[in-house]
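*Asks:* Got a structure for you, questions after.
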Amino acid sequence: PIAMLLFALGGSTFGMAEETLPFFAIFLPIMIAMGFDSLTAFMIVFIGAKAGYIASTVNPFSVLIAQGVIGITGNPQLWLRAIMFVVIVGLSIGWVVLYARKVRKNPELSLTFHDDKQKRLDMGAVDDDVPFTTAQKWILVVFLAGMALIVWGLVSQGWYMSELSAVFLAMGLLAGIIARFSQQKIAQEFVVGLKDFAFSAIVIGLARGVLVIADNGMIIDTILNAMAMGLADVAPAVYTTILYVVENLLTILVPSSSSLAALTMPIFGPLTELVGLNPEGAVTALCLAEPMMTIIAPTSAILVAGLAVCKISLEQWWKTCWKWWLLMSAVCIGFTAISAMLPVA
């Protein structure tokens, strides 16, 4: 729960998404060594950050950019977004904890049970009799200091992937030096670690290609025009639900909150106001629907990359998360309606 809350705070405030990629490789051996499965490790990082992203409070890549496009200033529904954060993150943590307890008590219930056997062999056996050396303690200090530096850089210095990569590289080099590895040994271990991310990098590129085709081929513009015309005469009582579903489905083609905001808010913001509802409801629909769909959409780069690092198939993930996803979708539809029906501040 503590780890998920930290990831959720990152997702809600500065839009933590791709930055989580190294943490999949960190949490996987930890969770397996503690008797959980690889899906638990994946969910701690992925669902933790995604729950916060769904319940964004001041996320510049969803809330702020969407409000800016339609001219809303001051984040007037921040109080509602804070309530959403407590509810959505709380439900997500509860679901992961229940799942983790279930598979730890009965590992055969996990869909990755047989796969995890091989992962344990690849990681090597844990010998409780091996002493915790001074070098290992200093390596742990370096790791914790690196994590603190990353949090500081992301929150206050505007760091992104280049800076994060530099910090992780420095942590690896320092760990190798403290462990008294030779230069050749450090290089070999670096290659071993890098191979887990090579496939993920290819998948991210292919997923991004879908957006390029959909955008340059005018596919998205055609869909938006048809949707706007169809929603114009819909009764306000069902408008918010349809708006949420539309944003949800468009995310399959545009799995990026900032890009989707730039494409849809100029249409759905004024349209929401025309049907007599608070235009902030359009912002809420975008902020909730886009990250919800990226939890299951095969075009979501961070989803397929994280699954690749943890060596989990998309089918295994779908079979595990579908009940939680439906529950969270219902919650998000409810919050969208509340946001749109509140009086304009």
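The values are calculated or read from the model by the stated rules, or taken from the named source; none is laboratory data. Note that the structure is predicted; figures quoted are calculated from it, not measured. All Cβ positions, even for glycine, are placed from backbone atoms using ideal geometry, and neighbour counts span all protein chains on display.
*Asks:* Listed residues Ala262, Ala330, Ala308, Ala285; which is aliphatic (A, V, I, L, M), over 21 Å from Ala17 (Cβ atoms) and part of a helix (DSSP H, G or I)?
*Replies:* Details: Ala262 fails: over 21 Å from Ala17 (Cβ atoms); Ala308 fails: over 21 Å from Ala17 (Cβ atoms); Ala285 fails: over 21 Å from Ala17 (Cβ atoms).
The match here is Ala330.
*Asks:* Same structure, new question: Checking Thr264 against (1) crowded, with 23+ Cβ neighbours inside 10 Å; (2) touching a residue at least 60 places away in the same chain (Cβ under 8 Å): exactly one of these is not met. Which one?
*Replies:* Here Thr264 clears every test but (2).
*Asks:* Has the range 334-344 got any residue that is surrounded by fewer than 23 Cβ atoms within 10 Å (Cβ to Cβ), outside any helix (DSSP H, G or I), of a type outside the set (D, E, K, R) and free of Cβ contacts under 8 Å to residues at least 40 places away in the same chain? Full working, then the answer.
*Replies:* Initially, the range 334-344 is screened for residues surrounded by fewer than 23 Cβ atoms within 10 Å (Cβ to Cβ), giving 334, 337-338, 341-344.
In the following step, the residues that additionally are outside any helix (DSSP H, G or I) were identified as 342-344.
With of a type outside the set (D, E, K, R) added as a condition, the list becomes 342-344.
Filter once more, keeping what is free of Cβ contacts under 8 Å to residues at least 40 places away in the same chain: none.
Scanning the range 334-344, I find no residue that is surrounded by fewer than 23 Cβ atoms within 10 Å (Cβ to Cβ), outside any helix (DSSP H, G or I), of a type outside the set (D, E, K, R) and free of Cβ contacts under 8 Å to residues at least 40 places away in the same chain, so the answer is no.
*Asks:* Please indicate, with yes or no, whether at least one residue in the range 291-303 is among the β-branched types (Val, Ile, Thr), under 30 Å from Glu108 (Cβ atoms), assigned to a loop (DSSP other than H, G, I, E, B) and at pLDDT 90 or above. Explain how you work it out, then say what you get.
*Replies:* Step one: list which residues in the range 291-303 are among the β-branched types (Val, Ile, Thr), which gives 294-296, 299, 302.
Then keep just the ones that are under 30 Å from Glu108 (Cβ atoms); that gives 295-296, 302.
If we keep only those that are assigned to a loop (DSSP other than H, G, I, E, B) too, we end up with 295-296.
Those still in the list that are at pLDDT 90 or above too: 295-296.
Yes; the residues of the range 291-303 include at least one that is among the β-branched types (Val, Ile, Thr), under 30 Å from Glu108 (Cβ atoms), assigned to a loop (DSSP other than H, G, I, E, B) and at pLDDT 90 or above.
*Asks:* Could you list, in sequence order, all residues of the range 217-244 that are among the β-branched types (Val, Ile, Thr) and modelled with pLDDT under 80? Let's see the steps before the verdict.
*Replies:* As a first pass, look at the range 217-244 and keep what is among the β-branched types (Val, Ile, Thr): 219-220, 222-223, 234, 238, 240-242.
Listed by number, the residues that qualify are Ile219, Ile220, Thr222, Ile223, Val234.
*Asks:* Looking at the range 18-35, I want the residues that are farther than 14 Å from Lys311 by Cα and in contact (Cβ under 8 Å) with a residue 40 or more places away in the chain and have a partner that is aliphatic (A, V, I, L, M) and not in a helix (DSSP H, G or I) with Cβ atoms under 9 Å, at least 6 apart or on another chain. Which pairs are those?
*Replies:* Ala33/Val126
*Asks:* Taking only pairs six or more apart or across chains, which ones have beta-carbon atoms under 7 Å, a first residue in the range 162-176 that is in contact (Cβ under 8 Å) with a residue 60 or more places away in the chain, and a second residue that is surrounded by 14 or more Cβ atoms within 10 Å (Cβ to Cβ)?
*Replies:* These pairs meet every condition: Leu164/Glu19; Leu164/Ile150; Phe168/Pro22.
*Asks:* Just one of the numbered conditions (1) under 30 Å from Gln118 (Cβ atoms); (2) touching a Ser or Thr at 6+ places or on another chain (Cβ under 7 Å) is not true of Trp322; which one?
*Replies:* (2)
*Asks:* In this structure, is Pro270 in contact with a helix residue (DSSP H, G or I) (Cβ under 6 Å, 6 or more places away or on another chain), in contact (Cβ under 8 Å) with a residue 24 or more places away in the chain and within 20 Å of Ala66 (Cβ to Cβ)? Break it down stepwise before answering.
*Replies:* Working: in contact with a helix residue (DSSP H, G or I) (Cβ under 6 Å, 6 or more places away or on another chain): no; in contact (Cβ under 8 Å) with a residue 24 or more places away in the chain: yes; within 20 Å of Ala66 (Cβ to Cβ): yes.
Criteria not met by Pro270.
*Asks:* Does Thr13 meet the test of being among the polar types (S, T, N, Q), touching a helix residue (DSSP H, G or I) at 6+ places or on another chain (Cβ under 9 Å) and closer than 15 Å to Asp116 by Cα?
*Replies:* On the way: among the polar types (S, T, N, Q): yes; touching a helix residue (DSSP H, G or I) at 6+ places or on another chain (Cβ under 9 Å): yes; closer than 15 Å to Asp116 by Cα: no.
Answer is no for this residue.
*Asks:* Residues in the range 102-125 that are part of a helix (DSSP H, G or I) and either of a type in the set (A, V, I, L, M, F, W, C) or within 16 Å of Trp324 (Cα to Cα) (or both): how many?
*Replies:* First, pick out the residues of the range 102-125 that are part of a helix (DSSP H, G or I): 102-105, 107-109, 113-123.
Now narrow it down to the ones that are either of a type in the set (A, V, I, L, M, F, W, C) or within 16 Å of Trp324 (Cα to Cα) (or both): 102-103, 109, 113, 121, 123.
Within the range 102-125, residues that are part of a helix (DSSP H, G or I) and either of a type in the set (A, V, I, L, M, F, W, C) or within 16 Å of Trp324 (Cα to Cα) (or both) number 6.
*Asks:* Same structure, new question: Please verify whether the range 83-103 includes one or more residues that are out of contact with any strand residue (DSSP E or B) (no Cβ under 9 Å at 6 or more places or on another chain), among the polar types (S, T, N, Q) and modelled with pLDDT under 95.
*Replies:* In the first step, residues of the range 83-103 are kept if they are out of contact with any strand residue (DSSP E or B) (no Cβ under 9 Å at 6 or more places or on another chain); the result is 83-103.
This time we only want the ones that are among the polar types (S, T, N, Q), so: 92.
In the following step, the residues that additionally are modelled with pLDDT under 95 were identified as none.
The answer is no, given that none of the residues of the range 83-103 is out of contact with any strand residue (DSSP E or B) (no Cβ under 9 Å at 6 or more places or on another chain), among the polar types (S, T, N, Q) and modelled with pLDDT under 95.
*Asks:* Moving on to the next point. From the list Val151, Val155, exactly one residue is in contact with a helix residue (DSSP H, G or I) (Cβ under 9 Å, 6 or more places away or on another chain) and either in a loop (DSSP other than H, G, I, E, B) or at pLDDT below 70 (or both). Which is it?
*Replies:* Values: Val151 fails: either in a loop (DSSP other than H, G, I, E, B) or at pLDDT below 70 (or both).
Exactly one residue qualifies, and that residue is Val155.
*Asks:* Against the conditions (1) more than 26 Å from the chain's Cα centre (by Cα); (2) at pLDDT below 85; (3) part of a helix (DSSP H, G or I), where does Ala135 fall short? Just the number, please.
*Replies:* (2)
*Asks:* Something else: Looking only at residues in the range 267-287 that are of a type in the set (Gly, Ala, Ser) and touching a Leu at 6+ places or on another chain (Cβ under 9 Å), which one is surrounded by the fewest Cβ atoms within 10 Å (Cβ to Cβ)?
*Replies:* Going through the range 267-287, the residues of a type in the set (Gly, Ala, Ser) turn out to be 269, 276, 281-282, 285.
Checking the rest, the ones that are also touching a Leu at 6+ places or on another chain (Cβ under 9 Å) come to 281-282, 285.
Values: Gly281: 28, Ala282: 32, Ala285: 31.
Among those residues, the one meeting the criterion is Gly281.
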